[in-house]
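The values are calculated or read from the model by the stated rules, or taken from the named source; none is laboratory data. Bear in mind that the values here come from a model prediction, so they are computed numbers and not experimental data. Cβ placement follows ideal geometry from the backbone for every residue including glycine, while neighbour counts extend to all protein chains displayed.
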Amino acid sequence: MTRLKSLLIVLIVVFAAPVLGASQQRPLLMEGKQALFQRILTKPGALLFQEAQQGEGSPTTPFGVHYVYDRKTQNGATWLQLGLNRHGGIAGWMPEPDTIPWNQGLTIAFRDPLGSDRVLLFHDKPGLKKLLNSNDEHAYRRLYQAAEAGELDADSPVIAIQPRTHVDILKDFYLVPIRDHEDIYIGDEQARMLQVSSVPLLPVRAYPDNSAAEVAPPDHQIKPFRSAVVFVIDSTLSMDPYIDRTRKAVRKIYDIITKEDLTGDVSFGLIAFRDNPLAVPDLEYLTHTYVDLEQGQDAEGFFKQVASLKAADVSSRDFSEDSYAGVNAAIADIDWQGQNVRYVVLITDAGPREASDPLSGTGMSSAALRHLAQNKGIALSVLHLLTPSIMADHPKAEQTYRNLSYYPGIGSFYFGVETGNVQRFGRVLDALAQQITEQVKLAAMAAAGKTLAEERQTREDRSARQEKPDQLAQFQAKVAKLGYALRMRYLQQDDKKQIPSVFNAWLVDRDISNPLRQTLDVRVLLTRDQLSDLHSIMRQVLITAEEGLLSPRNFLNDLKSLAATIARDPERLGTTTRITGAQEGNLADMGFMREYIEDLPYTGEVMNLSLENWQDWPARDQVRFINRLEEKINYYQVLHDHTDLWVSLDGGPISGDSVFPIALEMLP
């Protein structure tokens, strides 16, 4: 009897298990999908209710991600039942108009429109498509001028235009999620039409539909325009002449600052770097901060701190030095708070230690460092001393430094000093520092009442007097262009405009009048915890592959699973690779890879790589690919630790739920 009773209990458990599993509520699937659930973002100010149209709602975190479990219509209004996860955790009900469909994790950031056309936002796809297919420059120009003047009529296909003032997503967070897309050509350039939802984070005034929503500015005086320049200087053997010439250039600038009564508005810092002291102990240090920006507000503080700086007495192991460590120290260790313009000027005669170099102190690539600098609003310049040496590899170093110093929309801030000539180096340094100081002066004059038109005329007159556009003139022109853009942001800070408060608009990702120019950057909104998970999983995938425990096919499928999951549903990071312990394996094994990748407007390197490509690559290309992945892993760790870059959507302290819009190219 006892054995029969036990058998009955076992049978009940076995047959009941599927029933219990089936009773667990699941989110609604996206149309035509088998594994992708419907998700939404909550708009700022949205309320969550325990029952549809009943009781008082509770506030929600702006842009919070929820899964859709049910939808119903009551009294003509559609309500969504939402859950915080896909495992049945029901949170409540919300009116559908307070939500944004979020079926992929991609969002966009508008690039600075200075000197180019601003992006037009269209009512619908047919209106935009008709204009692009017609290739009618006159029709486009009429629409653009009407939008710019705020004179769009009710029949216009355009409903808004990108704000004239650049809104930096890293300083004033906004969200423009991509909802749909279609490929199209503008001339010979492939472009994408994107349907987006535009949501400003801050409360906005009510404006007509054809104008940009504007944030009500607080009542305060415009703050002083402040610039900071941190020199990152190679202090290895033979660099003494350049160190002395840098001191001389800074001395000249302090004299100008004092005469112009701009003391305190321009600060200088200085960081010296050498190479890994574990390889050569007599080098004494890898990086050393001689002057921070507080100490460098005046000449006395700067020169007191920098008096002991001199070149090393011994050589490094080879001609490469760890210049990346110096740049990283300037980005991470300097307090940039309150600085409107932020420059880091790298001065070196050597190539860098790349991420794969065993002596690298950062483990980061030029691309990772550049992104990290731009995340903090820092423009990198490189003064590369092309000194004669049989060990030097100047062409390779130049290519790397050009990539490091690239600034979107302007170009590379690289200057190669032929033969390392000290006098020519001094002229370049003087020109750079004087231009930065002049930017502060012009901004101060403009803030005091000088019109922007007068300043623009002054710039044009000065440009007309320049000699033929040699390398120095071109370098100065780029610095002037960047400085002008940053001053315009400063002068318009009391007239700051948010992203247009328009929903479900269509735009194109290239400049209609100049298709070679891309008008936006694609980003993925990740939480700090999700980035930490990504870092851990990618690291384990690489370690497992290197130990020979993953076949090439499984290695690529695990990476593709990670890449697709990030772009589609970052909350599932822990369940889509073999490494994370999912019983089914990765997305490819589960048969859902195509489902995750299809309909994505943008994909990265990993998703575009086939097993056939991988097997056809020579070993060195496979190693380079793995090195690029390792560089990204190192970047994730550094980004995670820069807490000042993360955004707390609910206004609380930085936590694992804080978010950051990560550039798509920095993801696998």
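Data for the structure
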{"quantity": "Test: residue in region 100-110 that is in contact (Cβ under 8 Å) with a residue 12 or more places away in the chain and farther than 23 Å from residue 509 by Cβ", "calculated": "no"}
{"quantity": "Residues within region 252-279 that are within 23 Å of residue 329 (Cα to Cα), in contact with a Leu (Cβ under 9 Å, 6 or more places away or on another chain) and not aromatic (Phe, Trp, Tyr), tallied", "calculated": "10"}
{"quantity": "Residue 92 vs. criteria at pLDDT 90 or above, surrounded by 19 or more Cβ atoms within 10 Å (Cβ to Cβ) and of a type outside the set (A, V, I, L, M)", "calculated": "yes"}
{"quantity": "Positions within region 541-558 being free of Cβ contacts under 8 Å to residues at least 40 places away in the same chain and closer than 25 Å to residue 641 by Cα, in sequence order", "calculated": "541, 543"}
{"quantity": "Test result for residue 534, at negative phi, under 26 Å from the mean Cα position of the chain (by Cα) and in a helix (DSSP H, G or I)", "calculated": "yes"}
{"quantity": "The listed residue being modelled with pLDDT of 90 or more, assigned by TED's automatic domain parsing to the domain that holds residue 195, crowded, with 21+ Cβ neighbours inside 10 Å and not in a helix (DSSP H, G or I), out of 121, 128, 82", "calculated": "121"}
{"quantity": "Which listed residue, of 160, 146, 191, is modelled with pLDDT of 90 or more and in contact with a strand residue (DSSP E or B) (Cβ under 6 Å, 6 or more places away or on another chain)", "calculated": "191"}
{"quantity": "Enumeration of residues in region 423-437 that are β-branched (Val, Ile, Thr) and under 29 Å from the mean Cα position of the chain (by Cα)", "calculated": "436, 437"}
{"quantity": "Helices (runs of 4 or more DSSP H) fully within region 590-667 counting 2 or more residues that are farther than 22 Å from residue 540 by Cα", "calculated": "593-597, 611-616"}
{"quantity": "Test: residue in region 521-543 that is touching a Gly at 6+ places or on another chain (Cβ under 7 Å), modelled with pLDDT of 90 or more, small (Gly, Ala, Ser) and under 30 Å from residue 649 (Cβ atoms)", "calculated": "no"}
{"quantity": "Scope region 47-68; condition within 26 Å of residue 525 (Cβ to Cβ), not in a loop (DSSP other than H, G, I, E, B) and not aliphatic (A, V, I, L, M); matching residues", "calculated": "49, 58, 59, 66, 67"}
{"quantity": "Out of 260, 284, 294, sole residue that is surrounded by fewer than 17 Cβ atoms within 10 Å (Cβ to Cβ), on the phi > 0 side of the Ramachandran plot and not small (Gly, Ala, Ser)", "calculated": "284"}
